[in-house]
1. Look through A:337, A:323 and report the one residue that is of a type in the set (S, T, N, Q), assigned by TED's automatic domain parsing to the domain that holds residue A:254, surrounded by 19 or more Cβ atoms within 10 Å (Cβ to Cβ) and in contact with a Cys (Cβ under 9 Å, 6 or more places away or on another chain).
2. Could you check, for region A:20-42, whether at least one of its residues is in contact (Cβ under 8 Å) with a residue 60 or more places away in the chain, over 20 Å from the mean Cα position of the chain (by Cα) and under 16 Å from residue A:81 (Cα atoms)?
3. Quick one: which of B:377, B:395 is in contact (Cβ under 8 Å) with a residue 40 or more places away in the chain and not polar (S, T, N, Q)?
4. Go through region A:1-27 and give me each residue that's more than 14 Å from chain B (Cβ to nearest Cβ) and outside any helix (DSSP H, G or I).
5. Here are B:311, B:207, B:202: which of them is within 12 Å of chain A (Cβ to nearest Cβ) and not charged (D, E, K, R)?
6. Is it the case that some residue within region B:59-75 is free of Cβ contacts under 8 Å to residues at least 12 places away in the same chain, assigned to a helix (DSSP H, G or I), among the basic types (Lys, Arg) and under 30 Å from residue A:1 (Cα atoms)?
7. If only one of A:242, A:220, A:238, A:230 is more than 25 Å from residue A:300 (Cα to Cα) and among the aliphatic types (A, V, I, L, M), which one is it?
Amino acid sequence: MNFDLSDEQKMLAEQARGLLAERSPPARLRQLIGEGAELDAPLWRELGEMGFLGAAIAEAHGGLGLTALDLAVISLELGRANACLPFFSSVVLAGGALSACGSAAQQAAWLPGIASGEKIGTFAYAEGPADWRAALPATTFAATSGNEGRITGTKSPVADGGVAGFAVVLVNAGGAQAFALVDLDQPEVSRTRLDSFDQLRGHHAISFAGAKAELLAGDADTLARLLDQAAVQAAFEAVGGAQACLTMAREYALDRQIFGRSLASYQAIKHRLADIAVAIELALSNAYYAGWAAQNAPDELPAAAAAARLTALAAFKNAARENIQVHGGIGYTFEANCHFYYRRERTLALSLGGREVWADRLIAHSA
Amino acid sequence: MDFNDTPEEAAFRAEARAWLAAHAPAHALREGERLEDAEEARRGRAWQRALYDGGFAGITLPRELGGRGGTVIEAVVFHEEESRYNIPKGPYITIGLGMALHVLAHHGSPEQKARYCEPTLKGEMTWCQLFSEPSAGSDLANLRTKAAKEEGAREGDEWVVNGQKVWSSWAHHADWGLLVARHDPSLPKHKGLSFFLVDMKTPGVETRPIRQISGASDFNETFLTDVRIPDANRLGKVGDGWACCMTVLSSERIGSGSPREAVQEMVEYIRRTGRGADGGNALDSAANRVALAQALAEERGEKYLAARLRTMISRGEDPGAMAAMIKLAYAGRNQKMLGLGMEVRGLDALAAAPDAGDTLGLHYEYIWSTVMRIAGGADEVLRNQIAERVLGMPGDWRPDKNVPFDQL
């Protein structure tokens, strides 16, 4: 047994962390928000050139052919930096769906672009407040010939829907859940930018009026597996965010003097941060196991992914809230960096189904 | 990252499994079997003897001390395999194997190692811990029990010990005690301490069981009145008491095994709790599922964090205060989960029928869960340790630091 990242994975993490700290510092995030940007385009290109976007894509399609755990190492660093990038939508979800159930032709057409960053995909599943897991989607796919057809309906909110060139859309195809691959740059597609709670991850409503689409070979089981895989990556992203919050809160507390001594010397602060540190380590341990299981023990993935997801989001939630609390009033200002994480935490907590959904998955799959 | 056994680990697992299959069933508890304390002690000693004869006692202890000289991972593997059998071992056994052997290995003289290690490994010598006092709990170094030499005594003469210890688990069954006492009150509190091995049958040692909130008496008060301890039973140098205590306590926190999966048992208990008209159960409630799933997820996190720490130890790295994280997480989560179990069960959990073993168990566990948050490092102490040693935050204000004990 060896329960630690490999030296190569640690190096990859260091590389990603260094690059993101340099290119995507808080000042850059504030600038992007000011510009109303939905994508840090130069950084995205750079990540593509360095191979980060294709880490888990097969070498035959221009990727590095690495494992889920390698990808997770990058997810964690993106969470720490809170970068304004569609990594989760494009690489994890759209790329994951194509790798899992795309035909050879579909993979050849889209995966190299995802790996290089030239193509951005997203996964369109929600339809307003309706429970997208319980019922068939209202968005329908009508076949025209073979796996080709047209889709009609509205998906909302769609993360990174403004910058994506294509989407994997969850549809009702003849009474069954299916994935439709849709080029978003066609006249039958219209997008409306929504007021996204997370200022560094844009959301859109996307309407399809008989838009050309083709089916992927996925069904409800594929969807469940895809969501498990994505939950693992989201858990790593959340752990990265939580670690950033803990670091920030700790540094601020060490720096701040109050009633004649360091704020960090009060047990009210020490104990709070100790609890966050514990929650982060539990979450990271679950995430490591889930990342390993994703590659090596598929039967154990559902429970492992759900546990990682639940503990990571619990840690991030607490860390994001208490980070502002430890900062006091300054934490409420745009110039402090706490708010990026306070908003991102909600994005992660609500995406792919909330706590109840993953609680049920864990109970159902726990031996 | 690899969760599979290496070839060496697989070979060890096969060896352990075969040996256990041949020897464990005769020692395991039968379905529903409950033991009185004395019988549990006897059975625990018998199993320890079997382990010794089979070469599985003290797996990580060096061979020259009678152990197997194996790795931390082998100890984990053995524990995993052993826990498939419900064998009564008793907490007194682990005080000897976990604490006494650990402190002997680090601080004992060759004579002391030769005298105590083998009988302890064989289960013939059991130990208790004489650390805490009425005014020395989390602040252990505040202890007042005195170890003095008689006037005119010379080096090598015996010590006379007077004082009172408390919370000494199973001291009433133990053969020997690990004692820390103050030899010099003119020194600052941590410096004036020395460590002794005391025969619990020595005149002047009196244990009185404490009536606990559980109704049981696992713990004792131990009164020491003019107890004479040969200088040969001093562990380490005079003044090494605190270092010895730290060695003992570090062994307390790095458990080699994973605890049983108690939350899953709770899930099943709640599934057996009927609700609604048509065969429904209490798991039909989303609120219950969410709370249980969070506990399940945290329990898994504790297990995998332990695996990470063991990986560190097996490489010779020191996980330090990270080991405290598991205990802190476990103790709080466990109490919360047990309380939840009672709430979900409803009024039925308040009054158990004599044959309702699961509900009776819940009563016991919920009471016992309070101990886990206090003993072996209270929640608050562990939070301080994590904040100071892992996060590098400042220590608390300590007016007692560097002040002679008798001037505090």
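The values are calculated or read from the model by the stated rules, or taken from the named source; none is laboratory data. Predicted model only: the values in this text are computed from it and were never measured. No Cβ is skipped: glycine too gets one built from the backbone with ideal geometry, and neighbour counts run over all protein chains shown.
1. A:323
2. yes
3. Among B:377, B:395, only B:377 is in contact (Cβ under 8 Å) with a residue 40 or more places away in the chain and not polar (S, T, N, Q).
4. A:24, A:25 - these are the residues of region A:1-27 that are more than 14 Å from chain B (Cβ to nearest Cβ) and outside any helix (DSSP H, G or I).
5. B:311 is the lone residue from the list that is within 12 Å of chain A (Cβ to nearest Cβ) and not charged (D, E, K, R).
6. yes
7. When all the criteria are applied, what remains is A:242.
Here is a yes/no grid of residues against (1) of a type in the set (D, E, K, R); (2) over 26 Å from residue A:284 (Cβ atoms); (3) in the same structural domain as residue A:284 (by TED's automatic domain parsing); (4) outside any helix (DSSP H, G or I):
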position: A:29; (1), (2), (3), (4): no, no, no, no
position: A:60; (1), (2), (3), (4): no, yes, no, no
position: A:63; (1), (2), (3), (4): no, no, no, yes
position: A:73; (1), (2), (3), (4): no, no, no, no
position: A:76; (1), (2), (3), (4): no, no, no, no
